[in-house]
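Visitor: Below is the structure I would like to discuss, written out as structure tokens.
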Amino acid sequence: MDQLPFLLLMVVVFVFFIILPQQRRQKKEKNFINSLKRGDRVITKSGIHGKVMELNDSDETCVVETLAGKIKMEKSSLSLELSSKFSKK
């Protein structure tokens with residue numbers, strides 16, 4: 001019985017510090033992917049810099065033009081954090 005308040009406190013801390021921030025991050029990432037348009041400068045999660053040339057909503061892919069050429073990739077491989085830093089420069 002003495003452990004019940006401690007257990008409840010741990011659950012509350014877990015929800016506020018683990019689950020809610022993860023849900024916010026996923027929502028921002030989804031909004032970023034849905035708001036992509038041609039000409040946006042992006043960085044992939046693997047560090048490739050480029051510009052969005054084509055978007056294909058049917059299979060969730062895009063074509064990114066880099067200095068080496070054009071690359072077709074999944075939209076989910078684009079990084080919100082890196083791209084936002086890249087576009088501020």
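The values are calculated or read from the model by the stated rules, or taken from the named source; none is laboratory data. Computed from a predicted structure; not experimentally measured. Please note: Cβ atoms are built from the backbone with ideal geometry, for glycine as well, and neighbour counts cover all protein chains shown.
Visitor: With the condition kept exactly as written, say whether any residue in the range 43-61 is surrounded by 18 or more Cβ atoms within 10 Å (Cβ to Cβ) and in contact with a Phe, Trp or Tyr (Cβ under 7 Å, 6 or more places away or on another chain).
Guide: Checking the range 43-61: at least one residue is surrounded by 18 or more Cβ atoms within 10 Å (Cβ to Cβ) and in contact with a Phe, Trp or Tyr (Cβ under 7 Å, 6 or more places away or on another chain).
Visitor: Moving on. For the subset of the range 33-56 comprising residues that are polar (S, T, N, Q) and assigned to a strand (DSSP E or B), which member is farthest from Lys85 (Cα to Cα)?
Guide: Initially, the range 33-56 is screened for residues polar (S, T, N, Q), giving 34-35, 44, 46, 56.
Now restrict to residues that are assigned to a strand (DSSP E or B): 44, 56.
Numbers: Thr44: 12, Asn56: 25 Å.
Here the answer is Asn56.
Visitor: Moving on. Condition (residue is assigned to a strand (DSSP E or B), in contact with a Leu (Cβ under 8 Å, 6 or more places away or on another chain) and surrounded by 10 or more Cβ atoms within 10 Å (Cβ to Cβ)) applied to the range 13-30: is it met by at least one residue?
Guide: No, there is no match, as no residue in the range 13-30 is assigned to a strand (DSSP E or B), in contact with a Leu (Cβ under 8 Å, 6 or more places away or on another chain) and surrounded by 10 or more Cβ atoms within 10 Å (Cβ to Cβ).
Visitor: Ok, one more. Only one of these conditions is not met by Val13: (1) hydrophobic (A, V, I, L, M, F, W, C); (2) modelled with pLDDT of 90 or more; (3) under 17 Å from the mean Cα position of the chain (by Cα). Which number is it?
Guide: Against the list (1) hydrophobic (A, V, I, L, M, F, W, C); (2) modelled with pLDDT of 90 or more; (3) under 17 Å from the mean Cα position of the chain (by Cα), Val13 comes up short only on (3).
Visitor: Just the residues that are small (Gly, Ala, Ser) and either in a strand (DSSP E or B) or touching a helix residue (DSSP H, G or I) at 6+ places or on another chain (Cβ under 9 Å) (or both), please, taken from the range 57-78.
Guide: Gly69, Ser76
Visitor: Check Asn56, Asn31 and return the single one that is touching a Cys at 6+ places or on another chain (Cβ under 8 Å) and of a type in the set (S, T, N, Q).
Guide: Result: Asn56 is the single residue among Asn56, Asn31 that is touching a Cys at 6+ places or on another chain (Cβ under 8 Å) and of a type in the set (S, T, N, Q).
Conditions (1) within 15 Å of the chain's Cα centre (by Cα); (2) at pLDDT below 90; (3) among the charged types (D, E, K, R); (4) loosely packed, with under 11 Cβ neighbours inside 10 Å, marked per residue:
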position: Leu9; (1), (2), (3), (4): no, no, no, yes
position: Gly39; (1), (2), (3), (4): no, no, no, yes
position: Val64; (1), (2), (3), (4): no, no, no, no
position: Leu82; (1), (2), (3), (4): yes, yes, no, no
position: Phe86; (1), (2), (3), (4): yes, yes, no, no
